[in-house]
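Have a look at the structure below before the remarks.
The values are calculated or read from the model by the stated rules, or taken from the named source; none is laboratory data. In this text the structure is predicted, and so the values were computed from the model without any measurement. Here the Cβ positions follow ideal geometry from the backbone for every residue, glycine too, while neighbour counts run over all protein chains shown.
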Amino acid sequence: MKRKGTGPDGLVIVDKPEGITSHGVVARLRRLAGTRKVGHAGTLDPMATGVLVIGVERATRLLGHLMLTAKTYEATVRLGQTTITDDREGEVTASVPVRWEAPGGVSRAAIDEQIAVLTGEIMQVPSKVSAIKIDGKRSYHRVREGEDFELPARPTTVHSFTVHELREAVAEDGTPVLDLDVTVECSSGTYIRALARDLGSALGVGGHLTALRRTRVGPYGVESAHTLEQLEEQLTVLPIGEAAAAAFPRWDVGEEDARRLSTGVRLPAPGLGVDGPIAVFGPGEQFLALVEEQRGQAKPVAVFVG
């Protein structure tokens, strides 16, 4: 039974607007849900819009596992300018006029070649204005304080990196640039700003991100997301069981196994052969736990009953 005054258990799929931090969205949802137990999976920069998965009450325990899922972004990459933040909100540090297909300019073949290099399992150096901690201190704080440092490259996977449109444009300082509208499908931990930076660097003209919209996090797409204005009118929460069933492989158990699981007893693994959490459901569609298959047993990752 829930305690009086606590919010609903489940996920809220938010279509985050531009100009607000992910923490700011969490603060709004705490007020709307009437609980402080609210968190989010996968930070979006203030400049970015789109899918932000918010967990309320017990569903916050799902979030760390949801962050391991694939994500999809629509973005605009500007070739011809480098910024200190790898996006349009940072100071321009270098400008190189980009001539499309002109002698000495950037060709579609060269763009496609470098995008292919940035696709698949790659090593990526995150943006220095990321939230990565170095000796307990956020990287972006070190940038603001003028520190000179390097971040190590990290493994990540870019499942696809597709260019939809190329446009000639002129930057605010008058530099001729080239804008690429792209879609990126990638693993969690991939920095789209870093892809823009690295593409521009490989082409010898510099690059940064001018627009970013996340359209999917795992099974949760922007088509099922709600704006903050819509949530102010009616808080729409995806129940924790439905959220788990959408995100993880499902295993249904009987009443006796449900009881044993709720008391901490390990069950024989279901033999699904999956790598990662499995959502366990008991009679009556009751969501019981997340487990992982290890050495023939179902090891509980998070138990939601008992």
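What are the residues in region 105-123 that are outside any loop (DSSP other than H, G, I, E, B) and aliphatic (A, V, I, L, M), if any?
106, 109, 110, 111, 115, 116, 117, 122, 123 - these are the residues of region 105-123 that are outside any loop (DSSP other than H, G, I, E, B) and aliphatic (A, V, I, L, M).
If we scan region 66-85, do we find a residue that is small (Gly, Ala, Ser) and without any contact (Cβ under 8 Å) to a residue 60 or more places away in the chain?
Taking every residue of region 66-85 in turn, none turns out to be small (Gly, Ala, Ser) and without any contact (Cβ under 8 Å) to a residue 60 or more places away in the chain.
Residue under question is residue 6, and the condition is that it be modelled with pLDDT of 95 or more, more than 12 Å from the chain's Cα centre (by Cα) and either assigned by TED's automatic domain parsing to the domain that holds residue 180 or not in a strand (DSSP E or B) (or both); does it hold?
Spelling it out, it is not the case that residue 6 is modelled with pLDDT of 95 or more, more than 12 Å from the chain's Cα centre (by Cα) and either assigned by TED's automatic domain parsing to the domain that holds residue 180 or not in a strand (DSSP E or B) (or both).
Go through region 162-177 and report how many residues are part of a loop (DSSP other than H, G, I, E, B) and within 16 Å of residue 93 (Cβ to Cβ).
4
Give the residues of region 201-218 that are in contact with a helix residue (DSSP H, G or I) (Cβ under 7 Å, 6 or more places away or on another chain), in a helix (DSSP H, G or I) and small (Gly, Ala, Ser), sorted by residue number.
Result: 202, single match.
Going through region 253-306 one residue at a time, which ones are over 26 Å from residue 67 (Cβ atoms) and either among the charged types (D, E, K, R) or in contact with a Pro (Cβ under 6 Å, 6 or more places away or on another chain) (or both)?
255, 256, 257, 259, 260
Considering only residues that are under 25 Å from residue 44 (Cβ atoms), assigned to a strand (DSSP E or B) and not small (Gly, Ala, Ser), which ones fall in region 219-269?
220, 226, 238, 239
Identify the single condition in (1) modelled with pLDDT of 95 or more; (2) surrounded by fewer than 20 Cβ atoms within 10 Å (Cβ to Cβ); (3) in contact with a helix residue (DSSP H, G or I) (Cβ under 7 Å, 6 or more places away or on another chain); (4) not assigned by TED's automatic domain parsing to the domain that holds residue 33 that residue 285 does not satisfy, given that it satisfies every other one.
(1)
Could you list, in sequence order, the residues of region 190-230 that are free of Cβ contacts under 8 Å to residues at least 24 places away in the same chain and under 17 Å from the mean Cα position of the chain (by Cα)?
Correct list: 223 only.
Just wondering, is there one or more residues in region 262-270 that are in the same structural domain as residue 288 (by TED's automatic domain parsing), aliphatic (A, V, I, L, M), out of contact with any helix residue (DSSP H, G or I) (no Cβ under 9 Å at 6 or more places or on another chain) and surrounded by 14 or more Cβ atoms within 10 Å (Cβ to Cβ)?
For region 262-270, residues in the same structural domain as residue 288 (by TED's automatic domain parsing), aliphatic (A, V, I, L, M), out of contact with any helix residue (DSSP H, G or I) (no Cβ under 9 Å at 6 or more places or on another chain) and surrounded by 14 or more Cβ atoms within 10 Å (Cβ to Cβ): present.
Among (1) at pLDDT 95 or above; (2) surrounded by fewer than 16 Cβ atoms within 10 Å (Cβ to Cβ), which single condition is residue 70 missing?
Status for residue 70: all satisfied but (1).
List the number of the failed condition for residue 161; all other conditions in (1) at pLDDT 65 or above; (2) exposed (fewer than 12 other Cβ atoms within 10 Å of the Cβ); (3) in contact with a helix residue (DSSP H, G or I) (Cβ under 7 Å, 6 or more places away or on another chain) hold.
(2)
When you look at residue 254, is it closer than 18 Å to residue 278 by Cβ, exposed (fewer than 14 other Cβ atoms within 10 Å of the Cβ) and in contact with a helix residue (DSSP H, G or I) (Cβ under 8 Å, 6 or more places away or on another chain), yes or no?
Here the answer is yes, as residue 254 does meet what is asked.
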